[in-house]
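Presented below is the structure to which this report refers.
The values are calculated or read from the model by the stated rules, or taken from the named source; none is laboratory data. Quantities reported herein were computed from a predicted structural model and do not represent experimental measurements. Virtual Cβ from ideal backbone geometry, glycine too; neighbours counted across all protein chains shown.
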Amino acid sequence: MKNAYKGYALFSDIEDTSLRNRNRAVVLTNLAADHTKERKINHKGVALILGYFNEIPAEDREDVKKRFQTNMEAKGYVLARS
């Protein structure tokens, strides 16, 4: 199992599911923040976020997604609605 995506830790070696998924959500949140300009996440940031998320095992994705969304909302991001 991979433990990193493009240098970003996946924390696969952490046995505690809650801690592992918390850490993953923090990485996703930091990726978003690092690639935000004028209140929008740029293309590189979106690509990194999606690539990282796809490396997370399927059974953990929903939990990580919820945590990531909570983190983003706490930082003032708003989910765009179409």
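Observations, loosely collected:
- Options ALA58, ALA47, ALA25; residue that is surrounded by 18 or more Cβ atoms within 10 Å (Cβ to Cβ) and at pLDDT 95 or above: ALA25
- The test for being over 13 Å from the mean Cα position of the chain (by Cα) and not hydrophobic (A, V, I, L, M, F, W, C) holds for ARG39.
- Filter pass, GLU73 being surrounded by fewer than 17 Cβ atoms within 10 Å (Cβ to Cβ), free of Cβ contacts under 8 Å to residues at least 40 places away in the same chain and over 16 Å from ASN3 (Cα atoms): yes
- Within the range 14-50, being within 18 Å of ALA80 (Cβ to Cβ) and touching a strand residue (DSSP E or B) at 6+ places or on another chain (Cβ under 6 Å) holds for ALA32, HIS35.
- Out of ALA33, ALA58, ALA4, ALA9, sole residue that is in contact (Cβ under 8 Å) with a residue 24 or more places away in the chain and hydrophobic (A, V, I, L, M, F, W, C): ALA33
- Here LEU50 meets the list (1) under 22 Å from VAL78 (Cβ atoms); (2) outside any helix (DSSP H, G or I) almost entirely, failing just condition (2).
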